[in-house]
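Everything below concerns the one structure shown next.
The values are calculated or read from the model by the stated rules, or taken from the named source; none is laboratory data. The shown structure was predicted, so the numbers you read here are calculated from the model rather than taken from an experiment. Cβ placement follows ideal geometry from the backbone for every residue including glycine, while neighbour counts extend to all protein chains displayed.
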Amino acid sequence: MPRFKTIVEYDGTNYHGWQLQPTACTVQGEIEKALEKIFHTRIPVYGAGRTDAGVHAQGQVTHLVAPWRHPAQNLLKALNSLLPSDICVKKVLQVGDNFDARHSAISKTYQYCIFNHAIRSPLERLYSLQIGFPLNLDSLKEASLLLVGTHDFAAFGTPTSGTPSTVREIFEARWQETREISTVKFTIRGSGFLRFMVRSIVGTLIRVGSGKITVQDFNDIIESCDRSRSGPTAPPHGLSLISVEYDS
């Protein structure tokens with residue numbers, strides 16, 4: 001049967017994450033329900049990675065196998081006509097049998113958004129973490145450079161299913177500021193991520209940006225591999241899975 005790759009965007013506010021759960025509403029569950037209405041049988045959907053409850057995605061990638069004999073664009077239209085308004089399939093492509101959304105990926109890119117202003121914003125509240133005190137962007141940038149490379153990131157998360165190692169390679173970690181709307185964004189791209197890793201890194205970096213710990217302290221936390229030394233895990237609503245990258 002044909003195999004399809006899809007790119008999915010979703011607002012994770014109302015979902016208990018990506019992963020299918022028997023008693024909770026999830027993004028994977030909503031997509032599989034839509035597919036069952038189209039094909040009158042269960043069609044499993046496999047995501048490139050699991051996003052936690054409340055985390056968003058601009059570019060989640062999935063693959064599925066289905067008896068669809070029409071143009072892929074028609075499957076996209078059929079799915080979007082059945083999905084709730086906070087989930088959208090942005091692209092459907094027929095791919096070879098060896099494509100696997102998770103195992104074929106070479107990197108993933110996440111972004112965490114902070115609304116850095118003393119007065120909260122109702123429009124930013126679902127997609128940014130509000131921090132009312134000024135953050136030192138220079139310190140944030142300096143500390144983030146320490147993440148680049150291959151490290152044991154046990155201080156920031158726990159292994160994911162099927163991948164017991166806590167060693168990951170980070171290709172890019174950077175901060176950018178949008179002054180006119182008081183927003184700072186942390187972008188990180190790596191070979192893979194531990195559970196809660198990005199949010200734990202952000203929570204610890206916020207302590208650097210606020211002056212509670214130094215850049216050297218942050219480096220010591222990385223090298224310690226001690227989860228108890230990292231900062232609090234940042235809330236999920238500021239985090240988005242931006243893209244999943246594959247070999248051309």
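Remarks
- Residue satisfying condition, being buried (at least 17 other Cβ atoms within 10 Å of the Cβ), touching a Gly at 6+ places or on another chain (Cβ under 9 Å) and over 18 Å from Leu205 (Cα atoms), within set Ala143, Ala105, Ala118: Ala105
- Taking the range 99-140 as the range and being over 17 Å from Val184 (Cβ atoms) and more than 21 Å from the chain's Cα centre (by Cα) as the test, only Pro122 passes.
- Single residue of the range 20-46 satisfying the filter (assigned to a loop (DSSP other than H, G, I, E, B) and at pLDDT 95 or above) that is nearest to Ala66 (Cα to Cα): Ile43
- Test: residue in the range 105-113 that is out of contact with any His (no Cβ under 7 Å at 6 or more places or on another chain) and without any contact (Cβ under 8 Å) to a residue 60 or more places away in the chain: no
- In the range 128-140, the residues that are out of contact with any Phe, Trp or Tyr (no Cβ under 7 Å at 6 or more places or on another chain), in contact (Cβ under 8 Å) with a residue 12 or more places away in the chain and surrounded by fewer than 17 Cβ atoms within 10 Å (Cβ to Cβ): Gly132, Phe133, Pro134, Asn136
- Of everything in the range 203-248 that is among the hydroxyl-bearing types (Ser, Thr, Tyr) and in contact with a helix residue (DSSP H, G or I) (Cβ under 8 Å, 6 or more places away or on another chain), the residue that is surrounded by the most Cβ atoms within 10 Å (Cβ to Cβ) is Thr204.
- Qualifying residue in the range 96-112 (condition: β-branched (Val, Ile, Thr), more than 18 Å from Glu245 (Cβ to Cβ) and in a strand (DSSP E or B)): no
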